[in-house]
Amino acid sequence: MKWLGYPIYRLLFAYILGIVICYFLELQIRYVLWILVVSTLFILGSIAFSRRIFLLKLVFSISALIFFCSMGYLNLSSKNPVYKELHFTNHITAAQEQLITFKLTDQLHPNAYNERFYAELSQLDGNTVTGKALILFKKSDSVSHQLGDELTVYDDISNASDERNPGDFNYKEYLELIDVYGQIYVDENQILKVTSDSEKTWIIGLREHLMMALEKSGLKEKPLGMIQALILGQRNNVDETVTQSFRDAGVIHILALSGLHVGIILLILRRLTSWLKRFKYGNWIQSAVIIVLLWIFALLTGMSPSILRAVTMFSFIAIGMNVKRKTSIFHSLALSAFVLLIINPKLLFHVGFQLSYTAVIAIVLIQPIIYNVIKRPRWKAVDYFWQIFTVTLAAQIGVAPLSLFYFHQFPGLFLLGNMLLLPVLPLIIGLSIALLVFLLIGIPSGLLVEVLNRSLEWIIKVVEGISSYDQFIIKNVYLDQIELLFIYLFLLGISLFFYRSVRKSRRERVLLRKPGYNFHIAILALIAFIGFQSFKKLKHNTEQFVIMHQASGSVMSLSNKDEVQLLVDFHTIDSLRFQSSLERIKSSTIHRGKTITVDSLWNKVNFANQEIVIIDESGIIPLETKASLVLLSHSPQLHLDKVITALEPQIIIADGSNYRTYVNRWKATCEKRGITFLSTYDKGAITLNRLEVGTQN
């Protein structure tokens, strides 16, 4: 594929490499700056003398790659708030309440306990600051806040939870990737001042007007939530059961406003503006009109990261489609990725960014291969459904490894769901846009509302039916980063091989060329993947004693090479949360591939010939024995000095079932007595093997 030889791809690779190096490896900024300066001098020098000389041409090429690699590193490092003097993280007083002023900018879907917003901070203890934080209001306070409200509160800024147990979702890292560096739990009595923003931008006013018009249009609750999500990007009113059904059926991408919807809108706009091609420079005029309308749509939906990414990508694709050059789609993808990563290099690590570009690249590379496996159908209807089938299959082949890596499950009935819904999705989007236009200009829309109600209720019923077949959902599949790399090397190599090699003769026979380097890369990646899988199975026969972090509960994990015994105390947790918490603990990386048994946690546990004493909320202390390790569970009210004197422990551990104030007090006592104190709040899961426990005696 000759387009791979274009400089844009090499420079993009170098830029991405710099971002990856910065993410995983911390270097001195001054060294990277020196590398940037030196590479710039080499570039200018090679241009000044002559790039026709082979050696100088080589120097120019290498220097350019190093330059863009350095730029990627510096761009990502510049996003670190440490280098921003006004960022609020540089003015926080840890674990202390401060006077904070912030403005609500984005509303998130509420969870079971809190209404959630993102907010821009402007004042901290009277000092001007910048930066975003997550704001949480208790639902029990029944306080309603709107986007644009400015609040002054007296509260503390805390960190979101990180990876407390091996394999847990790192919420703190996720928030930092979207430039959110703290969270504030706001109680009603801590709010000192609220100022509502009466002057809203025209686009926000238009969105709110359309939302209100939809609510009054006669749409039923579930169809209303779907249209607000599909067209306006507002998912707050989507029923939780509907969201879960779409996720289990493998069609969540239909519900979440993303590249699929922007692509459909692009095709609709191309059809509606096709008459512009009659004019001189009609192709360019059409592209400009489409791009303007796409960005108005992005503003209307709130410019979420997924929409920003999709509209940027399809803006370049819109131009590429009118250029009418065979390889322009690849250039469009590369340029859009380059622009997005220059604006925000953190996008490279966003799951949505990875899924979007992987899906589009897979469609471009793999769909033609699958589509041309059989003779093109003569009937347009059959050909239409065959195209949908091949596009869906190609996209799912592309995103399946990422889905397994991040979500550890894969919907087996994704083809059925997509084959049923994708053919009607353009019609639904078109009718929904028409409804918004009718409501905006006052045209009667009763018939259109009835059609959408019936259509969307049918879609919901179909998706619920598909998602009910739990046995077709592939769950608990775990991939390492190395395995993910090998899988994509295999897919890329085999796709490039067939992309070049599969040809149609006049008799519609598939002709294959001799294997090239692409095919060899695919085979080597497959061999490496199998070898890595075999290496993972060579487990060391070690025994581990781990105290897991669990809010409102206590969990001990005792394991060897093949088995795990979980000792749990969830007596204060309701049955629904009990099951979800237990499943999360079972899915920890230290438990994968092992036989798991679950038992109750009592007040004494023996491990590696050591006795561990557990003191729960009853405060009962077994005075007849000594213990090298004591676990404090469920906030017992006790005098820790007496416990230390009676049991003579070497290590005292407090897990996540305890109040933080108790933990801080116990920590101070242990420091005075010279006892090692560990807390899962600070350390996450605490691992003590046989040697560590024994050496404490």
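For this structure, a couple of remarks:
- Residue in the stretch 306-323 that is part of a loop (DSSP other than H, G, I, E, B) and open to solvent by 40 Å² or more (accessible area, probe 1.4 Å) present: no
- Some residue of the stretch 45-54 being aliphatic (A, V, I, L, M) and surrounded by 14 or more Cβ atoms within 10 Å (Cβ to Cβ): no
- Qualifying residue in the stretch 366-373 (condition: open to solvent by 20 Å² or more (accessible area, probe 1.4 Å) and polar (S, T, N, Q)): yes
- Looking across the stretch 32-42, the residues that are under 38 Å from the mean Cα position of the chain (by Cα) and either surrounded by 14 or more Cβ atoms within 10 Å (Cβ to Cβ) or basic (Lys, Arg) (or both) come down to Val32, Ile35, Leu36, Val38, Ser39, Thr40.
- Residue within the stretch 175-184 that is acidic (Asp, Glu), out of contact with any helix residue (DSSP H, G or I) (no Cβ under 7 Å at 6 or more places or on another chain) and open to solvent by 80 Å² or more (accessible area, probe 1.4 Å) present: no
- Only one of the listed residues (Gly233, Gly259) is closer than 19 Å to Gly417 by Cα, under 19 Å from the mean Cα position of the chain (by Cα) and open to solvent by less than 80 Å² (accessible area, probe 1.4 Å). That residue is Gly259.
- Every residue from the stretch 406-430 that is under 29 Å from Leu300 (Cβ atoms) and open to solvent by less than 40 Å² (accessible area, probe 1.4 Å): Gly417, Asn418, Leu421, Leu422, Pro423, Leu425, Ile428, Ile429, Gly430
- All positions within the stretch 636-682 that are among the acidic types (Asp, Glu), open to solvent by less than 80 Å² (accessible area, probe 1.4 Å) and farther than 20 Å from Asp569 by Cα: Asp641
The rows are residues; the columns are (1) touching a helix residue (DSSP H, G or I) at 6+ places or on another chain (Cβ under 8 Å); (2) crowded, with 16+ Cβ neighbours inside 10 Å; (3) closer than 30 Å to Asp168 by Cα; (4) modelled with pLDDT of 85 or more.
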{"residue": "Ile433", "(1), (2), (3), (4)": "yes, yes, no, yes"}
{"residue": "Leu447", "(1), (2), (3), (4)": "no, no, no, yes"}
{"residue": "Asn453", "(1), (2), (3), (4)": "yes, yes, no, yes"}
{"residue": "Ile460", "(1), (2), (3), (4)": "yes, yes, no, yes"}
{"residue": "Phe490", "(1), (2), (3), (4)": "yes, yes, yes, yes"}
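- Beta carbons closer than 6 Å, at least 6 apart along the sequence or on distinct chains, pair a first residue in the stretch 609-637 that is among the charged types (D, E, K, R) with a second that is open to solvent by less than 70 Å² (accessible area, probe 1.4 Å) and modelled with pLDDT under 85 for Glu611/Ala627.
- In the stretch 520-557, residue farthest from the chain's Cα centre (by Cα) [restricted to those that are closer than 15 Å to Asp655 by Cβ and either of a type in the set (Lys, Arg) or in a strand (DSSP E or B) (or both)]: Phe545
- Residues of the stretch 133-171 satisfying the condition of being open to solvent by less than 60 Å² (accessible area, probe 1.4 Å) and not in a loop (DSSP other than H, G, I, E, B): Ala133, Leu134, Ile135, Leu136, Phe137, Asp141, Leu151, Thr152, Val153, Asp155, Ser158, Tyr171
- Of all residues in the stretch 56-83, those satisfying the criterion of being among the β-branched types (Val, Ile, Thr) and at pLDDT below 90 are Val59, Val82.
- Taking the criterion of being more than 17 Å from Leu631 (Cβ to Cβ) and hydrophobic (A, V, I, L, M, F, W, C), the only residue of the stretch 652-675 that qualifies is Ala668.
- Test: residue in the stretch 116-132 that is open to solvent by 80 Å² or more (accessible area, probe 1.4 Å) and either of a type in the set (Gly, Ala, Ser) or not in a strand (DSSP E or B) (or both): no
- Output for the stretch 4-36, where each listed residue is within 27 Å of Phe497 (Cβ to Cβ) and outside any helix (DSSP H, G or I): Tyr6
- Inter-residue pairs, beta-carbon under 6 Å, first closer than 12 Å to Asn114 by Cβ and in the stretch 126-147, second charged (D, E, K, R), 6+ apart: Leu136/Arg116; Phe137/Glu115; Asp141/Glu188; Val143/Glu188
- Per-region count, the stretch 34-88, residues under 30 Å from Ile100 (Cα atoms) and not polar (S, T, N, Q): 10
- The set of residues from the stretch 90-114 being assigned to a strand (DSSP E or B) and either farther than 25 Å from Glu240 by Cβ or open to solvent by 60 Å² or more (accessible area, probe 1.4 Å) (or both) comprises Gln98, Leu99, Ile100, Thr101, Phe102, Lys103, Gln107.
- Neighbours by Cβ (under 7 Å, 6+ apart or cross-chain): first from the stretch 178-207, part of a strand (DSSP E or B); second modelled with pLDDT under 90 and polar (S, T, N, Q): Gly182/Ser158; Gly182/Asn159; Gln183/Ser158
- Index of the failed condition, Leu294 passing every other in (1) more than 25 Å from the chain's Cα centre (by Cα); (2) open to solvent by less than 40 Å² (accessible area, probe 1.4 Å): (1)
The values are calculated or read from the model by the stated rules, or taken from the named source; none is laboratory data. Source: prediction; values computed, not measured. Cβ coordinates were reconstructed from backbone atoms using ideal geometry, including for glycine residues, and neighbour counts include every protein chain displayed. The area values use the complete protein model at the heavy-atom level, side chains included, leaving out ligands, DNA and RNA. Shrake-Rupley method; radii C 1.70, N 1.55, O 1.52, S 1.80 Å.
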